[in-house]
Structure formats: structure tokens, C-alpha cells
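Worksheet for the structure shown next.
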Amino acid sequence: MKSISKVSFKEIKTKLLNNNIEIKSDIDEDEYFLSFNSINNATQNQITFFSDKSNINLLKNTKAKACIINNEFLKFLPDKTMPIIVKDTYKAFAILSNLFSKSIKSNGSISSLSSVDSNSIIEGNVQLDQFVIIRENCKICENVVIEPNCVIGPNVTIGPNTIIKANSHLLECNLGSNCIIKSGAIIGGTGFGFDPKSKDRINHIGNVIIKDNCNIGSNTTIDRAVFDSTIISKNSFIDNLVQIAHNVIIGEEAIIAAQTGIAGSTKIGKNVLIGGQVGISGHLTIGDNVKIAAKSGVTKNISDNSIIAGFPAVDIKKWKLSNIKLSKL
């Protein structure tokens, strides 16, 4: 993203109100800010935010022009820093961080160094950068951006306004609209399936479906299904270096942190939060609203609304008690 020269407080206020965030501030609407910065590095022309009470000393000494803050910490804000009072400071920060940068949009240019198969369809205002290869039976919808050195296809559909970052490989998959696929991702490759005795490989003839508004991290792999579909449901955010095996189904609004591995045919519910370096066995059912602590090993089905940790993963309260007992030995 390219930075914007400056943003007025009127733009900031409008952006927050349009996202249903109520604000309270005496800042003049014509006041402007050059960028966002951290609480300890912000300067007199920048805006910052505060949400972590362990950083009170940083807040007391900030040199930011303004700070997104809630009433609880207002008394620690220096006099020279103007407050922008909201209830949820982190959500406000997330929204405004995008206001200070121009989002990536297609320039409608197809590089002469790219290659498009004659059996594929490229719709309007698509950007294909250098050395992009579009193989057979693909459909690239309007406003898609595909950065250099990507290989797309065969049998890929990419929905409107989706961005594919450099050096990614997509095959046998359908992507929804407004997705971001970061560099080095491999989506739709053959899964890890074979007869363990003879080592004869299993031919995977399914695909991957990634629904609208998903983010897939760098060097993450999502394997296509054996027969049906590996599915990532809408609004799911998957970090870098995640492995999702064949026939896995992930529900809406999932958050999966780096180095997580999910074995084949496991079904994961809605609003699940999975910490880093979690391992999940195959053919399991993980319920809705489950939270899995980092480095956990999940070997059995997990019911809705559970919070689990450890290996094998158990209710987090039991895990903490067992650790306390072990520490006393």
C-alpha cells in the first residue's frame, strides 16, 4: 500500500462513524495528520492509539498529536496530545490504519510477459503482472490483481476484487470476492494421501473453495479434496505457514495463527480461534466458538464454546491445574 500525504480529522471522524464507532473529541475538523505510529514513536504530526495498560508509561510520554483512547486511560494522556475517545480502541485503530494508505487496486494492465490460455476467461479491469501464467479453464473476474510470477490453474475461478500476491500457485480452486492471497501460498495442490504399505499415491480429484473476504497467509498450503471440496468459509483469516489438508472444512470467521497444521477431513465450526503451532488430528469435529491455545495437540472431538490447551488438549482450567501440580513435584 502507498501512503497518503495527509488525512483530516473530518475524514477520520467520518470513517469511524460509518463503521458504527461513536467518538468524542474536541479536535477541529480541519486538523490533519500525516500517518499512524506506535505510542512510543509517534511524533507531533502523527496519530496513535492506546489499548494495553501495561504500557502506561509509554502513554504518559507519547509525543503524538492525537491518540485513540478510552475514558479509563484518559488521565494518563499528556496535555499536548489530543484525545479521540472511543470504546473499542483496537477496532478503531484497525479501521483507521487503512485510511492512511491507498489500498491495492487493479490498474487494468495485462503485461506482455504474462501468458493466458485460450480456454480461460479474463474479465474487465484485471491486472496481470510480469510472468503470470493463466492455465486452461480459468475465470478471472473483474478488478482482480495478480502480482508477478504467479501460476493460476488449471480449473480456477477468482472472484471480483481479489488480490493474489507474488509467487503464489493456485490450481483446482474457486475463490470468492475481496480475498487476499499472500505471497508463496499454494492452494489446490495434491493432498498427502497414499496407501501406507505400498506407498501407492491416491489421486485427488476434488478442489478447494475459499469464500468471500478471506485472507490466506504467505507460504500457507491448502490441499484439494480427494473427491469433494476443502472449504474455507467467509471472513476467515489464516496466518502464514499454515497447513490445511484435504477435505478439511473451516467455518465462518475463523482465525488461525501461524504454523498450525490441520489433518485431513476435520471439520471446524464457526468463530474458532486457533493459536500458533497447534496440531489437529484428522477426522475430528471442532465445535463453534472454540478457542485452542498455542502449541496444543488436539486428538479428539471438541464441543461448542470450549477453551482448550495442552497435549493432549483438554479444558484449559484442567490444563492449568495439572501444570500447577507438576510444578510442585
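The values are calculated or read from the model by the stated rules, or taken from the named source; none is laboratory data. Being a predicted model, the structure only gives us computed values, none of them experimental. Methodologically, a virtual Cβ is constructed for each residue, glycine included, from the backbone with ideal geometry; neighbour enumeration extends over all protein chains shown.
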For this session: Could you pull out the residue among S8, S35 that is buried (at least 16 other Cβ atoms within 10 Å of the Cβ) and either closer than 12 Å to L96 by Cβ or not hydrophobic (A, V, I, L, M, F, W, C) (or both)?
Result: S35
For this session: Could you check, for the stretch 123-137, whether at least one of its residues is within 30 Å of I21 (Cβ to Cβ), buried (at least 20 other Cβ atoms within 10 Å of the Cβ), at pLDDT 95 or above and not assigned by TED's automatic domain parsing to the domain that holds G188?
Result: no
Exercise. Of (1) touching a Cys at 6+ places or on another chain (Cβ under 9 Å); (2) surrounded by fewer than 18 Cβ atoms within 10 Å (Cβ to Cβ), H169 satisfies all except one. Which?
Worked result: (2)
Exercise. Under the condition of being touching a Lys or Arg at 6+ places or on another chain (Cβ under 7 Å) and outside any helix (DSSP H, G or I), which residue from the stretch 94-108 is modelled with the lowest pLDDT?
Worked result: K102
Problem set entry | Yes/no for D228 being of a type in the set (D, E) and more than 20 Å from K182 (Cβ to Cβ) | yes
Exercise. Considering V278, V272, V298, V208, which residue is in contact with a Cys (Cβ under 8 Å, 6 or more places away or on another chain) and modelled with pLDDT of 95 or more?
Worked result: V208
For this session: Tell me which residues, restricted to the stretch 268-287, are in a strand (DSSP E or B) and more than 18 Å from N305 (Cβ to Cβ).
Result: G279
Seminar exercise, completed: Per the filter on the stretch 185-208, residues among the aliphatic types (A, V, I, L, M) and either surrounded by fewer than 21 Cβ atoms within 10 Å (Cβ to Cβ) or in contact with a Gly (Cβ under 6 Å, 6 or more places away or on another chain) (or both) are I186, I202, I205, V208
Exercise. Only one residue in T14, T48 is at negative phi, surrounded by 18 or more Cβ atoms within 10 Å (Cβ to Cβ) and under 26 Å from the mean Cα position of the chain (by Cα), so which one is that?
Worked result: T48
Seminar exercise, completed: Among the residues of the stretch 109-136, the number that are in a loop (DSSP other than H, G, I, E, B) and either over 28 Å from the mean Cα position of the chain (by Cα) or farther than 14 Å from T157 by Cβ (or both) is 16
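To keep it simple, each residue is scored yes or no on (1) free of Cβ contacts under 8 Å to residues at least 24 places away in the same chain; (2) in a helix (DSSP H, G or I); (3) of a type outside the set (S, T, Y); (4) touching a Ser or Thr at 6+ places or on another chain (Cβ under 8 Å).
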{"residue": "D28", "(1), (2), (3), (4)": "yes, no, yes, no"}
{"residue": "S38", "(1), (2), (3), (4)": "yes, no, no, yes"}
{"residue": "I56", "(1), (2), (3), (4)": "yes, yes, yes, no"}
{"residue": "K63", "(1), (2), (3), (4)": "yes, no, yes, yes"}
{"residue": "K75", "(1), (2), (3), (4)": "yes, yes, yes, no"}
{"residue": "I84", "(1), (2), (3), (4)": "no, no, yes, yes"}
{"residue": "K87", "(1), (2), (3), (4)": "no, no, yes, no"}
{"residue": "A92", "(1), (2), (3), (4)": "no, yes, yes, no"}
